[in-house]
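S.K.: Handing you this structure, nothing more for now.
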There are 2 protein chains.
Amino acid sequence: MRPVAVYHGGVFDRRIRVAELIFRFLISAAALLAALLLVTDTQVKQIFTIQKKAKFTDMKSLVILVVVNGMGAAYSVVQTIRCVVSMLRGGGSIVLFNKPLAWLVFCGDQVMAYVMVGATGAAAQSAAFAKLGEPQLQWMKVCDMYDSFCTQVGEAIATSVFATATTIIVSLISAFTLFRLYH
Amino acid sequence: MRPVAVYHGGVFDRRIRVAELIFRFLISAAALLAALLLVTDTQVKQIFTIQKKAKFTDMKSLVILVVVNGMGAAYSVVQTIRCVVSMLRGGGSIVLFNKPLAWLVFCGDQVMAYVMVGATGAAAQSAAFAKLGEPQLQWMKVCDMYDSFCTQVGEAIATSVFATATTIIVSLISAFTLFRLYH
């Protein structure tokens, strides 16, 4: 038998669960958008007779960002479904929750939040090098050459920052949901 | 009047508080070490008649890492002192804790954890570029030239990763400490 805590949640609990559902849906959408913006981003440049094509695979940190955002989108879709199912099963204001599930959700959210912060931080750093160059190291500003490619990368990183911030909020909600079971 | 919850904590509570104290002390030491490793890191290279000097200020992400580790060390020293004071005042197994303080510690820990993950991720990305180069963008491997400088940067990043991981653990402890006050 799993330890199952059943209690009648109040207005506050209901609001938290609705907020969690909305946030998780937003993360799914934003992470998917960020990944798509990166994958579809290409720019071809003609230099005399040589054709050069910029793709997200040219920069490892962008590949990592695509993978992390793809994982984040898939994870958040699963979690959104879980939220809907648990709200439908709970019915009205009655909240059904058990500790093993709360631990699972908590761990998943923590991992996703930190992985997304790390990947977005690294990609933002790469983008800063591409945009501003690093004169001390003779790294050139590749964005001067691939302007529209860089703009779309910037949009993808901004979307990724939004998804990351929302993931942090959700990870705080799941921490709250888990730890209040202990007193 | 602030709402103050007084209860007699068991062996589990005492262990958590001792663990928190040890972790916070470790973060102070590791973050300080990482900052010092970066600040003291220099290498001079003679290229024909030109003398070139590598410093951490040549790369913005390393400057950010120094600042973040410095902040992390200062914050953790303050928190270590708070832990000692609260253990001395609490005396034995009696735990004195109030919600506003728990919220303050929780928020500070969350901010530090995410800032450190972001800064360490960005610095690790820069280090990867310096070590491996990015042939597609014609960014050269500067570590081939400044080998001992790069080795010390690597040590600083490793120390920073340790400090970051410990900060994440501590942030989970403070989340647990706060949220169990709600039921």
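S.K.: Please specify each residue of segment A:168-183 satisfying the condition of being more than 8 Å from every other protein chain (Cβ to nearest Cβ) and under 20 Å from the mean Cα position of the chain (by Cα).
M.R.: A:I169, A:V170, A:S171, A:I173, A:S174
S.K.: Which residues, counting only those in segment A:7-49, are farther than 26 Å from A:V161 by Cβ and among the acidic types (D, E)?
M.R.: Once the filter is applied, which keeps residues that are farther than 26 Å from A:V161 by Cβ and among the acidic types (D, E), segment A:7-49 yields only A:D13.
S.K.: Still on this model: Among the residues of segment B:125-149, which ones are of a type outside the set (A, V, I, L, M, F, W, C) and surrounded by fewer than 18 Cβ atoms within 10 Å (Cβ to Cβ)?
M.R.: B:K131, B:G133, B:P135, B:Q136, B:Q138, B:K141, B:D144, B:D147, B:S148
S.K.: Any residue at all in segment B:99-120 that's away from chain A (no Cβ under 13 Å) and more than 30 Å from B:Y182 (Cα to Cα)?
M.R.: The answer is no, given that none of the residues of segment B:99-120 is away from chain A (no Cβ under 13 Å) and more than 30 Å from B:Y182 (Cα to Cα).
Per-residue answers, yes or no, for (1) within 18 Å of the chain's Cα centre (by Cα); (2) modelled with pLDDT of 85 or more; (3) not in a strand (DSSP E or B):
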residue: B:V6; (1), (2), (3): no, no, no
residue: B:F12; (1), (2), (3): no, no, yes
residue: B:A19; (1), (2), (3): yes, yes, yes
residue: B:S28; (1), (2), (3): yes, yes, yes
residue: B:A34; (1), (2), (3): yes, yes, yes
residue: B:Q43; (1), (2), (3): no, yes, no
residue: B:L65; (1), (2), (3): yes, yes, yes
residue: B:A73; (1), (2), (3): yes, yes, yes
residue: B:I81; (1), (2), (3): yes, yes, yes
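S.K.: Hey, could you check segment A:121-149 for residues that are within 23 Å of A:V68 (Cα to Cα) and either free of Cβ contacts under 8 Å to residues at least 24 places away in the same chain or not in a helix (DSSP H, G or I) (or both) and say which is nearest to the other protein chains (Cβ to nearest Cβ)?
M.R.: Out of the qualifying residues, it is A:G121.
S.K.: Within segment A:46-63, which residues are among the basic types (K, R), surrounded by 13 or more Cβ atoms within 10 Å (Cβ to Cβ) and in a strand (DSSP E or B)?
M.R.: A:K52, A:K55
S.K.: Need the failing condition index for A:Q152 against (1) under 27 Å from A:T40 (Cβ atoms); (2) open to solvent by less than 50 Å² (accessible area, probe 1.4 Å); (3) more than 9 Å from chain B (Cβ to nearest Cβ); (4) within 14 Å of the chain's Cα centre (by Cα), just the number.
M.R.: The one condition A:Q152 does not meet is (4).
The values are calculated or read from the model by the stated rules, or taken from the named source; none is laboratory data. A quick note: this is a predicted structure, and the numbers were derived from the prediction, not measured. All Cβ positions, glycine included, derive from the backbone under ideal geometry; neighbour counts span all protein chains shown. Just so you know, the surface numbers come from the protein's heavy atoms only, side chains and all, with ligands and any DNA or RNA stripped out. Shrake-Rupley method; radii C 1.70, N 1.55, O 1.52, S 1.80 Å.
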